[in-house]
Amino acid sequence: MTQISQALEAIDAANAADPNQEDGTPVAQLYGQRMSSELERLFPNAGDVLKIAARGQHIERWILARSTYPEGRAGYHAWRRDLAKHHAERVGAIMQDTGYSDDEIAQAGQMLRKEGIKRNEDIQALEDVICFVFLKWYFAPFAAKHSDEKVLGIVQKTARKMSDDGRARVLNEFDLPDELAAAFKN
């Protein structure tokens, strides 16, 4: 088994413990597989570190429940920051166990903590993949539960995180209403 296969398998094994299920599959495991699938589609020449970061983007996400943090924006940001740190630590441990270098582990940690969006090509690629996964699998259920105003705000935030190329691909690949599509136009 290759080094990358061992790392991805270990991430999947960790995520198999997710008590939250979607059609009988642990939610974190399904999310990781969707991330890998979109990464392969959008960035077929991605290196091992980016592949591992994509698969581990939500590793053991259920461990830090949002409900254990205060309500409101500050609580939400604290939860997201702690999740990113947890994801980076868990993926780093798996990478260490499978023989990746300290440099590669540090790169994956930066990606998972989003340190360098808009400045680092691989971190931006990961963010674009995250946005595509959201739009492809999670946007419609989100939109069905929220007001048009909140949906527009989320779409605008999503578009701002993406690269110019990513936004252009969204416009080509998704049939969005005009008011939502406007967020992806440069």
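The values are calculated or read from the model by the stated rules, or taken from the named source; none is laboratory data. These figures come from a predicted structure and were not determined experimentally. Cβ sites come from the backbone with ideal geometry, for glycine too, and all protein chains shown count toward neighbours. With ligands, DNA and RNA removed, areas are computed over all heavy atoms of the protein, side chains included. Shrake-Rupley method; radii C 1.70, N 1.55, O 1.52, S 1.80 Å.
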Can you tell me which residue in the stretch 7-24 is farthest from Val49 (Cα to Cα), limited to those that are surrounded by fewer than 15 Cβ atoms within 10 Å (Cβ to Cβ) and not charged (D, E, K, R)? Gly24
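When the stretch 52-71 is examined, which residues are found to be assigned to a helix (DSSP H, G or I) and either open to solvent by 60 Å² or more (accessible area, probe 1.4 Å) or at pLDDT below 95 (or both)?
Within the stretch 52-71, Arg61, Trp62, Ile63, Arg66, Ser67, Thr68 meet the criteria.
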Is it true that Glu127 is acidic (Asp, Glu) and open to solvent by 80 Å² or more (accessible area, probe 1.4 Å)? no
Looking at the structure I just gave you, is Arg81 basic (Lys, Arg), surrounded by fewer than 21 Cβ atoms within 10 Å (Cβ to Cβ) and modelled with pLDDT of 95 or more? yes
Inter-residue pairs, beta-carbon under 7 Å, first under 16 Å from Ala183 (Cα atoms) and in the stretch 126-151, second of a type in the set (D, E, K, R) and open to solvent by 30 Å² or more (accessible area, probe 1.4 Å), 6+ apart: Cys131/Lys161
Here the residues within the stretch 2-43 that are under 17 Å from the mean Cα position of the chain (by Cα) and part of a loop (DSSP other than H, G, I, E, B) are Asp18, Phe43
Failed condition for Lys114, given (1) within 15 Å of the chain's Cα centre (by Cα); (2) closer than 24 Å to Ala10 by Cβ; (3) surrounded by 17 or more Cβ atoms within 10 Å (Cβ to Cβ); (4) at pLDDT 95 or above, with all others met? (4)
Please state which of the following conditions Gln21 fails to meet, knowing it meets all the rest: (1) touching a residue at least 12 places away in the same chain (Cβ under 8 Å); (2) at negative phi. (1)
Residue by residue through the stretch 140-178, note down the ones that are part of a helix (DSSP H, G or I), open to solvent by 60 Å² or more (accessible area, probe 1.4 Å), in contact with a helix residue (DSSP H, G or I) (Cβ under 9 Å, 6 or more places away or on another chain) and not charged (D, E, K, R). Gln156, Leu171
Quick check on the stretch 84-104: of everything there that is touching a residue at least 24 places away in the same chain (Cβ under 8 Å) and among the hydroxyl-bearing types (Ser, Thr, Tyr), which residue is surrounded by the most Cβ atoms within 10 Å (Cβ to Cβ)? Tyr100
